[in-house]
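Let me begin by presenting the structure, written as structure tokens, before commenting on it.
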Amino acid sequence: MSNTYVAADRPRFPWITLILGAVLFAILVALGTWQVERLYWKEGLLAEIEARTHAAPVPLAEIEKVWNEGQDVDYRTVKVAGRLLNDKERHFFATYEGYSGFYVYTPLLLDDGRTVFVNRGFVPYDRKEPATRPAGEVEGRVTITGLARNPLDAKPSSLVPDNDLSANIYYWKDLATMASQSGIEKEKLVPFFIDADKTPNPGGAPVGGVTIIDLPNSHLQYAVTWYGLAATLVVILAISLRRRYKLPAENKTAVDAASSSDLTSR
């Protein structure tokens with residue numbers, strides 16, 4: 001009896017697998033490229049913030065001009081003078097250097113009659129009430145240097161609690177509500193905040209300079225991951241194709257060898 005290698009036993013070329021693999025490869029490469037683009041954007045943003053925070057402070061009018069032009073004012077250094085309205089301060093729940101407490105937002109009355117909210121810094125729970133830190137309730141004209149900060153348009157997440165107005169505790173910085181609760185008219189309100197710098201306050205509280213600049217930059221790792229997955233996909237497809245065609249070839253060799261042996265023995 002003779003054995004023959006039937007051509008029909010050869011596997012069909014896996015067009016569907018290759019097409020799906022090509023589509024997936026294109027998606028993975030596109031995701032990696034998008035992360036590279038995000039990396040360049042994030043590095044540019046961080047460089048811009050670094051330049052802003054180390055620039056010489058400018059008068060409030062210059063920051064307002066930038067704001068009125070529709071540009072971003074976040075982290076721009078500013079110097080402003082006026083009188084602190086200590087009896088109208090608002091308290092924002094926060095943590096600082098591992099301790100829970102509040103940031104003290106105090107309205108600063110400007111010479112032109114308008115008001116800007118200044119984050120004077122951090123106080124622990126037991127110093128929330130102004131009576132516990134009388135030395136820090138500065139009277140008269142003061143000059144404050146700090147960073148302009150953008151307001152929030154809305155509560156950042158449904159997980160964030162609603163502001164407790166009765167207890168004067170804010171969980172998100174709602175500038176409009178902070179102003180209305182302080183009796184400040186919208187027309188007389190500067191539309192952004194100022195974070196005071198580390199200049200010590202009398203009595204040591206609030207502790208200024210609490211601005212946290214922490215913008216995660218993991219785009220390089222993400223890009224490497226996506227490109228790595230694309231490369232892995234290529235390797236897997238190559239191995240799969242090699243095995244797919246190697247086995248039939250080995251089977252044919254075995255059949256031919258068996259046939260030759262059979263003929264020899266006859």
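Any read-out appearing in this document is the output of simple, stated calculations on the displayed coordinates, not a laboratory observation. A quick note: this is a predicted structure, and the numbers were derived from the prediction, not measured. With ideal geometry, Cβ positions are generated from the backbone for all residues, glycine too; neighbour counts draw on all protein chains shown.
Data overview
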read-out	value
Over the chain: helical MRE at 222 nm, DSSP H runs n ≥ 4 each giving -39500 (n - 2.57), nearest 500	-13500 deg cm²/dmol
Under the Karplus curve 6.51 cos²θ - 1.76 cosθ + 1.60, θ = phi - 60°, whole-Hz ³J(HN,Hα) for the range 20-30, x wherever Gly or Pro sits	4, x, 5, 4, 5, 4, 4, 5, 5, 5, 4
Fewest-first ranking of Asp174, Asp197, using other Cβ atoms within 10 Å as the exposure measure	Asp197, Asp174
Two-decimal Rg/Rh across the range 76-204, once Rg and the Kirkwood Rh are taken from alpha-carbon atoms	0.93
Computed magnitude of the charge dipole of the chain (debye, nearest 20; Cβ of K, R +1, Cβ of D, E -1)	1160
Set of aspartates and glutamates with alpha-carbon distance to Lys42 below 13 Å, sequence-local pairs under 8 removed	Glu50, Asp214
Charged-residue dipole, Cβ positions (Lys, Arg, Asp, Glu), the range 76-204 about Cα centre, Debye nearest 20	300
Phe93, Phe102 arranged by Cβ crowding within 10 Å, fewest neighbours leading	Phe93, Phe102
Anisotropy class of the range 15-117 from Cα gyration tensor, a/c 1.5 cut	prolate
5 angstrom amide H check on Lys155, placed H, neighbours 5+ away	none
Mean separation of Cα contacts under 8 Å, 6 or more apart, over the residue count of the range 76-204: relative contact order %	31
Principal axis box of the chain, alpha-carbon based, largest edge first, Å	119, 39, 29
Residue exposure sequence - Val23, Val123 - by fewest surrounding Cβ within 10 Å	Val23, Val123
In degrees, nearest ten, helix 219-265 long axis to first principal axis of the chain (Cα)	10
Dipole axis of the chain (+1 Lys, Arg; -1 Asp, Glu on Cβ), positive-most option in Leu220, Tyr40, Phe92	Leu220
